[in-house]
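See structure below.
The values are calculated or read from the model by the stated rules, or taken from the named source; none is laboratory data. What you see is a predicted model, and the numbers here were worked out from it, not measured in a lab. Note that each Cβ is placed from the backbone with ideal geometry, even for glycine, and that neighbours are counted across all protein chains shown. Accessible surface areas use protein heavy atoms only, side chains included; no ligands, DNA or RNA. Shrake-Rupley method; radii C 1.70, N 1.55, O 1.52, S 1.80 Å.
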Amino acid sequence: APFWLAEGFAAFGDYYVHQTNRWYTTYAGEAMPPGDWLAASRKLAADANYRPWSELLKIHLRDWAPSDHVQTMSVAAFLLESEPARFLDYLRELARGEEHQPALEQTYKATLGELEDRWARWLLARR
């Protein structure tokens, strides 16, 4: 699995089990404390203060900001919760060795930009 998905899914698993994120992450003096990272991600979407997916899916961990952890968690949550069958299909494509971005677009039948827009709307609709 691509790094962003592995990290995002791990954080979502923590959130799903404990109804909070118990991780504390710090990069370059910025911190993301434990708490409700889904709510934090919703704020990123509401403020349009998130990294575009076209960048997020390419950056290496050493270049992440704390908000990238939050955002990848909500991306994984969106992909899984909005269309569970497509998420499983996406994982199968990755297991077959397909490149993650084209496989994502093909599986969800949307461009990366369209998926990003759907993710933001999905986040804002959650309470």
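Computed quantities for the displayed model
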{"item": "Where a residue in region 40-58 is touching a residue at least 60 places away in the same chain (Cβ under 8 Å) and its partner, wherever it lies, is open to solvent by 60 Å² or more (accessible area, probe 1.4 Å) and of a type in the set (A, V, I, L, M, F, W, C), with Cβ under 8 Å and at least six apart", "result": "R42/L124; A45/L124; A46/L124"}
{"item": "Only listed residue being assigned to a loop (DSSP other than H, G, I, E, B) and of a type outside the set (G, A, S), chosen from R127, R118, R86, R92", "result": "R127"}
{"item": "Candidate set: region 95-115, residues that are in a loop (DSSP other than H, G, I, E, B) and either on the phi < 0 side of the Ramachandran plot or of a type in the set (A, V, I, L, M, F, W, C) (or both); chosen: the one farthest from the chain's Cα centre (by Cα)", "result": "R96"}
{"item": "Residue match in region 100-122 (condition: free of Cβ contacts under 8 Å to residues at least 40 places away in the same chain, among the small types (G, A, S) and within 18 Å of A6 (Cα to Cα))", "result": "yes"}
{"item": "Of all residues making up region 41-54, the number that are over 23 Å from P2 (Cα atoms) and aliphatic (A, V, I, L, M)", "result": "2"}
{"item": "Boolean, D68 is under 25 Å from V17 (Cβ atoms) and acidic (D, E)", "result": "yes"}
{"item": "Filter result (open to solvent by 60 Å² or more (accessible area, probe 1.4 Å) and of a type in the set (D, E)) within region 74-104", "result": "E81, D89, E98, E99"}
{"item": "Filtered residues of region 110-127 (kept if small (G, A, S) and open to solvent by less than 70 Å² (accessible area, probe 1.4 Å))", "result": "A110, G113, A120"}
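Rundown of residues vs (1) under 17 Å from G113 (Cβ atoms); (2) modelled with pLDDT of 85 or more; (3) open to solvent by less than 10 Å² (accessible area, probe 1.4 Å), yes/no style:
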position: N21; (1), (2), (3): no, no, yes
position: A46; (1), (2), (3): no, yes, no
position: R62; (1), (2), (3): no, no, no
position: D68; (1), (2), (3): no, yes, yes
position: T72; (1), (2), (3): no, yes, yes
